[in-house]
Every structure is written in C-alpha cells, then in structure tokens.
Amino acid sequence: MEIALDQRWQTLLAKPGLTDLVLNGASHCYADTGSGLMRTRSSFETDAELTQALIELGFQTGNRIDMSRPISDFTIGRHRFHAALPFGVSTRPLVSIRCHAGKKITLENLVSADMISGSEKDFLVSELANKSNIAVCGATSSGKTTLVGALLAQLSERVICLEQVPELYLEAPAIRLTERVANQEGLGAVSLNQLVIEALRMRPDRLVVGEVRGAEFGVLLQAMNNGHRGTMTTLHVRDLDSLPARLQMLGRLSGLSPELTTELVTSSFDLVLQLDRVDGARRLVEIGRFTGEGYEIQRVRP
C-alpha cells in the first residue's frame, strides 16, 4: 500500500535538488540541496506536533516508534526517515531524511554536475565493459549511491541489487532485494548476508550490494573470487588511506582472519573509487587499484 505524506512533509520535501533534510525539534530545520545543510523554515509549530507526526508515520509504515521504542527507521517512497523521540534518548524529537532522486541519473549528468570529469566518465565506462569489481568509497552523503546508480544506468543486464532500504533507481531487467527486520515477536528477519547467498542462486549478470557493514562482506568476497564479475558495493570510508583498517574490521565481522581478508580483498576488487565533498559539492576525488602487495593502492589518473 502506498503511503501518502501529509502537506507538512510534502512542503519540506518539495525543494528542488533536495538530498537531505534534518529537524532538530520543530523549530530547527536544515536542508541540503547540494551545497551543505542550510537552515530553512519548518512546517511544524511545536515539538509535540512533530513527535505525533513521526508516531503516525511509524504506524503507517509498520515500524513502531513510541515511548517503548523511541528510535526507528522507515522508508516512504524515495525518502528514508531516521527518527528519535524525546522519550529518554533525546530532549527533542529528531528526524533525518535522505531523499533519493527517484529518476535515472547518468554518468553524463555527473559530468554536467562536475562530480566527475569527461575522462573519468570514459574510464568508468571502460571498466564497466571489462566487468571490473568496483568498491565505491566515501563518507556519509558524499555521493556513493549517486555514483553507483549512474554506473548501473549504463547497463542493460540482469543486475541483482541488495540494499538495507531501497535507494538505487533501477530499470528492468535489474531487480532489487531488501533486508527485512524482525517483527515485534522477533521473527521474520532477512539479513543482507542471507540476501547475498540467495542472490547468487538467481543467475545474476552482476551483483550490487548497497553497503557492506558486516557478515555479508565475507560472502561477497567469496562470490567475487568464485568468478562473479562486475560486482559493485559501497564502503563507508573517510579516505583511501583509511580503507585497509575498514576492510580488516569487516573481515573480522565476517569471521575471516586478517591474512585471508587481505588475500581475498586484493584478488577481488579491481577498482576503488573515493568520493568526498569539496567546497560543499560531491566529487570523485581519487581512483585506485590494489597492487597485490598487501593493501597498497596505486592511484590512477584517467
């Protein structure tokens, strides 16, 4: 069932180019339309009004948020909400909303937005044609999902995309599977790790994992080492110098030894792309390849 946001939310989310919206209580509202968070007018008069609106959204989406469960995530259309209520964990109602484009974004669009250069676009198209395994890295809101979506827009293949919540824009024959949390009785959970295993049985031309955060990392590495080419994933990393530590941590969460993690990573990923914000705008700032000597990364300049 499609859930309609009321006029208060629609007004806040109608800003052109909106990528993020945060409310620190009803009176402090900030929007990011591409140049960082800027204060904007709120649609809510009081904290009590905002709290009740969030409780209602949680109820409509089947994601309980109330005094007994004051923090929750839920997705409505192309908007992903994270909310915290002032019931012991916060003094005011807090909400962070990620807004996804809901439309096809191409590499040409990213060139026009100065997120990548023309030569970088040509380089990435060539890497896609070669079915390189690609890790897209960056901090929060650096453009990882946007870049992966633009790469997928180049393809007309059976891509199976696995996500915690729906974020990527997909067109047939690509398909999506999403993680599912347990119900109030603790039943029915479907993890990203399980989805990776199931997706490998569904004849994918390519596999895309929205973000690896835990045990699914080990399964994904094994899939790439078993010959599943053209795989893409995103990693939450500040810069390429921080990547080895992040990979080792994910390896430990997957039950892999440090030595095996290093071996699998360097034989699996063909390309790492690092994104960052430069003067408030998203940019592809580094491209690298593992040299095969531990986690040493050779920078590439297309």
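The values are calculated or read from the model by the stated rules, or taken from the named source; none is laboratory data. Here the structure is a predicted model, which means the values were calculated and not measured. Glycine also receives a Cβ, built like all others from the backbone with ideal geometry; neighbour counts cover every protein chain displayed.
Things to note:
- Residue count, the stretch 67-114 (criterion: on the phi < 0 side of the Ramachandran plot, of a type outside the set (A, V, I, L, M, F, W, C) and in a loop (DSSP other than H, G, I, E, B)): 13
Okay, residues lined up against (1) in a strand (DSSP E or B); (2) without any contact (Cβ under 8 Å) to a residue 60 or more places away in the chain; (3) not hydroxyl-bearing (Ser, Thr, Tyr):
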{"site": "THR266", "(1), (2), (3)": "no, yes, no"}
{"site": "ARG277", "(1), (2), (3)": "yes, no, yes"}
{"site": "ARG283", "(1), (2), (3)": "yes, no, yes"}
{"site": "ARG289", "(1), (2), (3)": "yes, yes, yes"}
{"site": "GLY292", "(1), (2), (3)": "no, yes, yes"}
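- Considering the stretch 279-295, the residues that are β-branched (Val, Ile, Thr) and at pLDDT 90 or above include one that is surrounded by the fewest Cβ atoms within 10 Å (Cβ to Cβ), namely VAL285.
- Residue in the stretch 14-43 that is surrounded by the fewest Cβ atoms within 10 Å (Cβ to Cβ), counting only those that are of a type in the set (Val, Ile, Thr) and in contact (Cβ under 8 Å) with a residue 40 or more places away in the chain: VAL22
- Beta carbons closer than 9 Å, at least 6 apart along the sequence or on distinct chains, pair a first residue in the stretch 124-136 that is closer than 14 Å to GLU157 by Cα with a second that is hydroxyl-bearing (Ser, Thr, Tyr) for LYS131/THR231.
- Within the option set THR46, THR51, being of a type outside the set (Lys, Arg) and surrounded by 19 or more Cβ atoms within 10 Å (Cβ to Cβ) holds for one residue only, THR51.
- Restricting attention to the stretch 219-256, the residues that are among the polar types (S, T, N, Q), in contact (Cβ under 8 Å) with a residue 12 or more places away in the chain and exposed (fewer than 15 other Cβ atoms within 10 Å of the Cβ) total 1.
- Given (1) free of Cβ contacts under 8 Å to residues at least 40 places away in the same chain; (2) of a type in the set (D, E, K, R); (3) outside any helix (DSSP H, G or I), index of the condition GLU259 fails: (3)
- From the options ASP270, ASP205, residue that is among the charged types (D, E, K, R), in the same structural domain as SER142 (by TED's automatic domain parsing) and under 20 Å from ARG158 (Cβ atoms): ASP205
- Members of the stretch 11-45 that are assigned to a strand (DSSP E or B) and either of a type in the set (S, T, N, Q) or under 17 Å from LEU94 (Cβ atoms) (or both): ASP20, LEU21, VAL22, LEU23, ASN24, CYS29, TYR30, ALA31, ASP32, LEU37, ARG39, THR40
Okay, residues lined up against (1) in a loop (DSSP other than H, G, I, E, B); (2) buried (at least 18 other Cβ atoms within 10 Å of the Cβ):
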{"site": "GLU167", "(1), (2)": "yes, yes"}
{"site": "ARG176", "(1), (2)": "no, no"}
{"site": "ALA182", "(1), (2)": "yes, no"}
{"site": "GLU198", "(1), (2)": "no, no"}
{"site": "VAL208", "(1), (2)": "no, yes"}
{"site": "PHE217", "(1), (2)": "no, yes"}
